[in-house]
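The values are calculated or read from the model by the stated rules, or taken from the named source; none is laboratory data. Keep in mind the model is a prediction, meaning the values are calculated, not measured. Glycine also receives a Cβ, built like all others from the backbone with ideal geometry; neighbour counts cover every protein chain displayed.
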Amino acid sequence: MATLTIRPGNPLRGTTSIPGDKSLSHRALMLGAIAKGETQIRGWLPAGDTLATLDSVQRLGVRVTQHDATTLTVGGGGFHAPEKPLDFVNAGTGIRLMAGLVAGQDFESVLDGSAQLRRRPMRRITDPLRQMNANITDTNGCAPLTIRPSQLKGIHYEQKVASAQVKSALLLAGLYANSPTVVVESAGPGRDHTERMLKVMGVPLTVEGEYITIMPFTDLSPLDLTIPGDFSSAAFLIVAGTLVHDSKILLTGVNTNDRRTGLLEVLERMQVDVKLQNHRFEGGEPVADILITTQETTATTVHGSEVVRMIDEFPILMVLATQSAGETRVREAKELRVKETDRIAVMAGELRKMGADIIEYPDGFAVKGPQQLKGAVVDSHDDHRVGMSLAVAGLVADGETIIEDAGCIHDSFPGFETVLEQLGVELEWET
């Protein structure tokens, strides 16, 4: 079990790139696998979650050549019956999107994962997929999922809760339906990576306001894709650079899709000036370099309409809130309680060990600041975003902070500790 020890004191300075976007890495593998021809992927994320998706694609009979850690050729041509269950380990995105894809295949599949993944809710995808006539058996609303062949039918589905994973599962199943599938984002827009990628691959998909319509289509063109850096991973360094005295960091090639960057608007209200420069597009996604310098921050309130656009950034926002003047409040974010962990309870509990003043609500939290955190022994609870958030908290604490069970950090940010060292952080990584 890995342990990360953070010793604060040094400013963070330098230029660094961010590992490839995890959401895009999952999707590029899956969609490349069903394309007609070979897909070329550069900048792929070789992390725990995406490696689980890679393994599952290979178990489905797809040939994948890994030229180096981040460069892949995906053979395409579609899936074949797997000889054993698909193991997604901790990858919630992987299992939910793959459920949509294999629901339309002519063979049986079992989708499973770790004990942690087996605790995460799956009815949010299995119920609407059953409306499409998918033959799915879940386990008390969770994984493992057994999916048997059936003829899918198109449906008109109105999302009551914004979720890119639910939307994507239905759109991917819609490729194999016998009529158009319409997803209505009535709860607000979620991430649109799936729609963007499907359009690049020639799929007849239209977006008109909150209505997304996909036609049955199995003749997908292969991708030639460079995946930009993951904004959710960049968020940890953005907050670290903001809080650690005399810091200046340039993050290059980061995905700035506005469905993902709600944190930037919240930071602006907290008086943080994050500079985006060198704007361009890669693989249909907007990309920029991000410059961060140390600044004083003030508290804010995050509104329910903002939650879906920064759902992965709340653990690190909680850390930022401990150093911001006033009370930062977050409500209408109950989804945080069913992520890899109950992120409200886990982050509040671990930051309290460091002296933070945090109130929990069923659907959010309130943090009073600024507070001088104290170094402590804390635990990631096997949640990568919790682990990295606690590392950033350690950078502004008084004394040494030890993060136990830190290996999960590599689920989304391989080399996180190396990047911190390159930027000037004194740390120790023990396995």
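Out of the residues in the stretch 141-167 that are of a type in the set (A, V, I, L, M) and surrounded by 16 or more Cβ atoms within 10 Å (Cβ to Cβ), which is nearest to the chain's Cα centre (by Cα)? Working first, answer last.
Quick first cut of the stretch 141-167, residues of a type in the set (A, V, I, L, M) only: 143, 145, 147, 152, 155, 161-162, 164, 166.
Pick out the ones that are also surrounded by 16 or more Cβ atoms within 10 Å (Cβ to Cβ) and you get 143, 145, 147, 152, 155, 162, 164, 166.
Details: ALA143: 19, LEU145: 22, ILE147: 25, LEU152: 28, ILE155: 27, ALA162: 15, ALA164: 10, VAL166: 14 Å.
It comes out as ALA164.
(1) crowded, with 22+ Cβ neighbours inside 10 Å; (2) modelled with pLDDT of 95 or more: which one isn't true of GLY283, the others all being true?
(2)
Restricting attention to the stretch 295-305, does a residue exist that is under 24 Å from SER412 (Cα atoms), outside any loop (DSSP other than H, G, I, E, B) and either at pLDDT below 95 or over 17 Å from the mean Cα position of the chain (by Cα) (or both)? Even if it seems obvious, please write down each step before you answer.
Within the stretch 295-305, the first condition is being under 24 Å from SER412 (Cα atoms), and the residues that meet it are none.
No, there is no match, as no residue in the stretch 295-305 is under 24 Å from SER412 (Cα atoms), outside any loop (DSSP other than H, G, I, E, B) and either at pLDDT below 95 or over 17 Å from the mean Cα position of the chain (by Cα) (or both).
Of all residues in the stretch 1-54 being assigned to a helix (DSSP H, G or I) and in contact with an Asp or Glu (Cβ under 6 Å, 6 or more places away or on another chain), which is farthest from LEU111 (Cα to Cα)?
As a first pass, look at the stretch 1-54 and keep what is assigned to a helix (DSSP H, G or I): 22-34, 48-54.
From what is left, the residues that are in contact with an Asp or Glu (Cβ under 6 Å, 6 or more places away or on another chain) are 22, 48-49.
Details: LYS22: 20, GLY48: 17, ASP49: 14 Å.
Per the stated criteria, the residue is LYS22.
If GLU195 passes every condition in (1) of a type in the set (Asp, Glu); (2) farther than 20 Å from ILE311 by Cβ; (3) in contact with a strand residue (DSSP E or B) (Cβ under 9 Å, 6 or more places away or on another chain) but one, which one does it miss?
Evaluating GLU195 over (1) of a type in the set (Asp, Glu); (2) farther than 20 Å from ILE311 by Cβ; (3) in contact with a strand residue (DSSP E or B) (Cβ under 9 Å, 6 or more places away or on another chain) leaves (2) as the failure.
Between ALA173, ALA169, ALA143, ALA162, which is farther than 26 Å from GLY284 by Cα and aliphatic (A, V, I, L, M)?
On the way: ALA173 fails: farther than 26 Å from GLY284 by Cα; ALA169 fails: farther than 26 Å from GLY284 by Cα; ALA162 fails: farther than 26 Å from GLY284 by Cα.
The unique qualifying residue is ALA143.
Only one of GLY78, GLY43, GLY100 is in the same structural domain as SER150 (by TED's automatic domain parsing) and surrounded by fewer than 19 Cβ atoms within 10 Å (Cβ to Cβ). Can you tell me which? Explain how you work it out, then say what you get.
Details: GLY43 fails: surrounded by fewer than 19 Cβ atoms within 10 Å (Cβ to Cβ); GLY100 fails: surrounded by fewer than 19 Cβ atoms within 10 Å (Cβ to Cβ).
Just one listed residue meets the conditions, GLY78.
Out of the stretch 384-413, which residues are of a type in the set (A, V, I, L, M, F, W, C), more than 23 Å from the chain's Cα centre (by Cα) and not in a helix (DSSP H, G or I)?
Let us first name the residues in the stretch 384-413 that are of a type in the set (A, V, I, L, M, F, W, C), namely 386, 388, 390-393, 395-397, 402-403, 406, 408-409, 413.
When the remaining residues are screened for being more than 23 Å from the chain's Cα centre (by Cα), the result is 395-397, 402.
Hits for the stretch 384-413 are VAL396, ALA397, ILE402.
When the stretch 58-95 is examined, which residues are found to be under 19 Å from the mean Cα position of the chain (by Cα), on the phi < 0 side of the Ramachandran plot and not hydroxyl-bearing (Ser, Thr, Tyr)? It would help to see each step written out before you state the result.
To start, the set of residues in the stretch 58-95 that are under 19 Å from the mean Cα position of the chain (by Cα) comprises 70, 87-95.
Among the residues that remain, those that are also on the phi < 0 side of the Ramachandran plot are: 70, 87-88, 90-95.
Correct list: ASP87, PHE88, ASN90, ALA91, GLY92, GLY94, ILE95.
Of all residues in the stretch 338-372, how many are surrounded by 15 or more Cβ atoms within 10 Å (Cβ to Cβ) and either assigned by TED's automatic domain parsing to the domain that holds ILE95 or assigned to a helix (DSSP H, G or I) (or both)?
Going through the stretch 338-372 one residue at a time, the tally reaches 9.
Only one of these is surrounded by 15 or more Cβ atoms within 10 Å (Cβ to Cβ), of a type in the set (Asp, Glu), assigned to a loop (DSSP other than H, G, I, E, B) and not assigned by TED's automatic domain parsing to the domain that holds ASP192: ASP289, ASP312. Name it. Give the steps one after another, and end with the answer.
On the way: ASP289 fails: assigned to a loop (DSSP other than H, G, I, E, B).
Of ASP289, ASP312, the one residue that is surrounded by 15 or more Cβ atoms within 10 Å (Cβ to Cβ), of a type in the set (Asp, Glu), assigned to a loop (DSSP other than H, G, I, E, B) and not assigned by TED's automatic domain parsing to the domain that holds ASP192 is ASP312.
Would the stretch 120-134 turn up any residue that is part of a strand (DSSP E or B), out of contact with any Gly (no Cβ under 7 Å at 6 or more places or on another chain) and of a type in the set (Ser, Thr, Tyr)?
Step one: filter the stretch 120-134 for residues part of a strand (DSSP E or B), giving none.
No, the stretch 120-134 contains no residue that is part of a strand (DSSP E or B), out of contact with any Gly (no Cβ under 7 Å at 6 or more places or on another chain) and of a type in the set (Ser, Thr, Tyr).
Within the stretch 411-420, is there a residue that is farther than 17 Å from GLU350 by Cβ, among the β-branched types (Val, Ile, Thr) and modelled with pLDDT of 95 or more?
Yes, that holds for at least one residue.
Determine if the stretch 365-375 includes at least one residue that is under 24 Å from MET310 (Cα atoms), within 23 Å of the chain's Cα centre (by Cα) and in contact (Cβ under 8 Å) with a residue 40 or more places away in the chain.
There is at least one residue in the stretch 365-375 that is under 24 Å from MET310 (Cα atoms), within 23 Å of the chain's Cα centre (by Cα) and in contact (Cβ under 8 Å) with a residue 40 or more places away in the chain.
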